Amino acid sequence: MLVVDNLTVRYSGILALQEVSIEVKKGETVLLVGSNGAGKSSLINTVIGLVPSASGRIVLNGKDISAVSCSARAQLGIGYSPEGRRVFSSLTVRENILSSTQGIPISTARENLAWIEKTFPLLAERANQPANQLSGGEQQIVAIARAVSRMPKLLLLDEPFLGLAPVWIGRVSETIRELQRRGTTILMTEQMARPALKLVDRAYIMRNGLVRRSGTVAEIRDSALAEEYL
Ligand code: ATP
């Protein structure tokens, strides 16, 4: 579904990604694991079109989307939940979820919202509450729900466990499992390899803008866990 081919990203003098290649197949959940500054967010932000690449290609379902705008990529089926959640604090939970549905028919947006609120009852219970009254874990679930409000083909989750207590890591993991059961293809990043490895099929270990190793969870588990302590 997604092919990132020889991607290089620079911020003025800083080389954030050096000829990185990864692949996510339909129905898979793939992890990018690595410590601070490894280049995980740069890769995700380039896939959604927020950060320009110096060279390389982003291919979605066989189509080169490297020159396609951010909003057009969302229309092509890419959903995104940013690092640090960034919910709209003064909007209610339901308004946050609906904020990503511009451009799709209202009836489809309502259908999607109904599925989301049925599947994640917390969001129905808190629907009319301002998002800033929620805990960090609850806000993370709102951010994921907002990212799936258009029912994306490919869901990108940037550090969904960041700053969460273990009980909320468990609940966010359960949210991700529910989306997997629905058949969503997922690319997620994490510094916390241990809980993330329980959710994914394959992983890429990143350090200093490079992919150091990749493989199935069984193949790279020990190296991925070592990254947690870097
Ligand atoms: P983190 O978990 O801290 O976000 P990361 O693995 O997502 O880490 P990136 O945020 O992609 O890593 O950062 C990769 C490199 O690019 C780092 O050296 C970082 O300092 C640099 N960098 C990231 N964003 C910018 C920016 N907007 N301007 C300049 N340098 C940046």
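The values are calculated or read from the model by the stated rules, or taken from the named source; none is laboratory data. Quick caveat, the model's predicted, so the values are computed rather than measured. Please note: Cβ atoms are built from the backbone with ideal geometry, for glycine as well, and neighbour counts cover all protein chains shown. These area figures cover heavy atoms from the full protein model, side chains too; ligands, DNA and RNA do not enter into them. Shrake-Rupley method; radii C 1.70, N 1.55, O 1.52, S 1.80 Å.
Evaluated against (1) open to solvent by 60 Å² or more (accessible area, probe 1.4 Å); (2) over 24 Å from residue 38 (Cα atoms), residue 145 falls short on exactly one condition, (1).
Listed here are the strands (runs of 3 or more DSSP E) enclosed by region 171-230 that have at least 3 residues being surrounded by 22 or more Cβ atoms within 10 Å (Cβ to Cβ) and either under 13 Å from the mean Cα position of the chain (by Cα) or more than 16 Å from the ligand (Cβ to nearest atom) (or both): 185-190. Residues in region 172-181 include at least one that is within 24 Å of residue 70 (Cα to Cα) and aliphatic (A, V, I, L, M). Kindly evaluate residue 156 against the criterion of being outside any loop (DSSP other than H, G, I, E, B), in contact (Cβ under 8 Å) with a residue 40 or more places away in the chain, buried (at least 18 other Cβ atoms within 10 Å of the Cβ) and of a type in the set (A, V, I, L, M, F, W, C). So residue 156 passes the test.
For region 21-74, taking the residues that are in contact with a Gly (Cβ under 7 Å, 6 or more places away or on another chain), open to solvent by less than 20 Å² (accessible area, probe 1.4 Å) and not in a loop (DSSP other than H, G, I, E, B), the one that is nearest to the ligand (Cβ to nearest atom) is identified as 40.
Among the numbered criteria (1) of a type in the set (Asp, Glu); (2) touching a Leu at 6+ places or on another chain (Cβ under 9 Å); (3) free of Cβ contacts under 8 Å to residues at least 40 places away in the same chain, which one does residue 190 miss? Here residue 190 clears every test but (3). Of the residues making up region 75-96, those that are among the charged types (D, E, K, R) and either open to solvent by less than 30 Å² (accessible area, probe 1.4 Å) or not in a loop (DSSP other than H, G, I, E, B) (or both) are 94, 95. Any residue in region 100-112 that is under 18 Å from the mean Cα position of the chain (by Cα), surrounded by 15 or more Cβ atoms within 10 Å (Cβ to Cβ) and part of a helix (DSSP H, G or I)? No, region 100-112 has no match at all.
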